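*Asks:* Take a look at this one; I'll ask things after.
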Amino acid sequence: MHGDLCFSAKFGVNELRLINKGLRTVEFDDGSSITVLMPRDLFNCVMMGVYRHDIYGAMKLEDVKNGLSCEIIFGKNRNLPSDYFRGQILKNGVEAGIIEGSWLSCLDYNGRRVWSIEDSLTGKLALSKPGHDPLPTDSRHRADVIAMTKGDMMGAEDKKKIIEESQRRDRKLRTSKA
């Protein structure tokens, strides 16, 4: 994968909009490649409130060698969740299929579910395996993450609160000595 990425940022009262520019290219062993033009990002509640990231606008993909292209539109339909997308796949300029779904949970091709987060994770949090000798501070050793991987969401929340209280206490000690 290679390419360039430039973006411009627009700040609002409590939001940040990123306008992505530049193409990324993914190359395959058979010599084909797909160029990708990314959609825009919207970050809400960056200063206060519940933080939220949305993707909106068009994502364009093109495979010149195989005559394929696709334009995916994110967040356009006000009657659906903001993570919804819909796109049209073209083969040599003729419609070859429709994709739609949620970038958070599923992908349908011509009305048939081809991917879902439930199938991918099988109800468990997918974590990569620690290296040969991970540091003790590696986040995979956190008590809340361990509880979450075991499916204990309530225990994970309790352990997370303990960690956050400890961090607040440490910060207070650091700022009081400064």
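The values are calculated or read from the model by the stated rules, or taken from the named source; none is laboratory data. Every value quoted in this text rests on a predicted model; they were computed, and no experiment measured them. Note that each Cβ is placed from the backbone with ideal geometry, even for glycine, and that neighbours are counted across all protein chains shown. Just the protein is used for accessible areas: all its heavy atoms, side chains included, with ligands, DNA and RNA removed. Shrake-Rupley method; radii C 1.70, N 1.55, O 1.52, S 1.80 Å.
*Asks:* Could you list, in sequence order, the residues of the range 32-52 that are assigned to a loop (DSSP other than H, G, I, E, B) and not polar (S, T, N, Q)?
*Replies:* Hits for the range 32-52 are MET38, PRO39, CYS45, VAL46, MET47, MET48, GLY49, VAL50, TYR51.
*Asks:* Got a number for residues in the range 29-62 being over 15 Å from the mean Cα position of the chain (by Cα), of a type outside the set (Gly, Ala, Ser) and under 15 Å from GLY3 (Cβ atoms)?
*Replies:* 7
*Asks:* If you take the residues of the range 17-50 that are of a type in the set (Lys, Arg) and open to solvent by 60 Å² or more (accessible area, probe 1.4 Å), which of them is farthest from TYR84 (Cα to Cα)?
*Replies:* If we take residues in the range 17-50 being of a type in the set (Lys, Arg) and open to solvent by 60 Å² or more (accessible area, probe 1.4 Å), then LYS21 is farthest from TYR84 (Cα to Cα).
*Asks:* Which residues, taken from the range 79-100, are exposed (fewer than 10 other Cβ atoms within 10 Å of the Cβ) and at pLDDT below 85?
*Replies:* Matches in the range 79-100: ASN79 only.
*Asks:* Let me ask another. Looking at LYS129, LYS150, LYS124, can you tell me which residue is at pLDDT 75 or above, farther than 21 Å from TYR56 by Cα, open to solvent by 90 Å² or more (accessible area, probe 1.4 Å) and among the basic types (Lys, Arg)?
*Replies:* None of the others qualify; the one that does is LYS150.
*Asks:* Taking the condition open to solvent by less than 40 Å² (accessible area, probe 1.4 Å), among the β-branched types (Val, Ile, Thr) and at pLDDT 90 or above, does VAL64 pass?
*Replies:* Answer is no for this residue.
*Asks:* I would also like to ask the following. Does the range 6-20 contain at least one residue that is among the aliphatic types (A, V, I, L, M) and not in a strand (DSSP E or B)?
*Replies:* Checked the range 6-20: at least one residue is among the aliphatic types (A, V, I, L, M) and not in a strand (DSSP E or B).
*Asks:* Turning to a different aspect of this structure: Can you find a residue that is open to solvent by 50 Å² or more (accessible area, probe 1.4 Å), part of a loop (DSSP other than H, G, I, E, B) and touching a residue at least 40 places away in the same chain (Cβ under 8 Å) anywhere in the range 101-108?
*Replies:* yes
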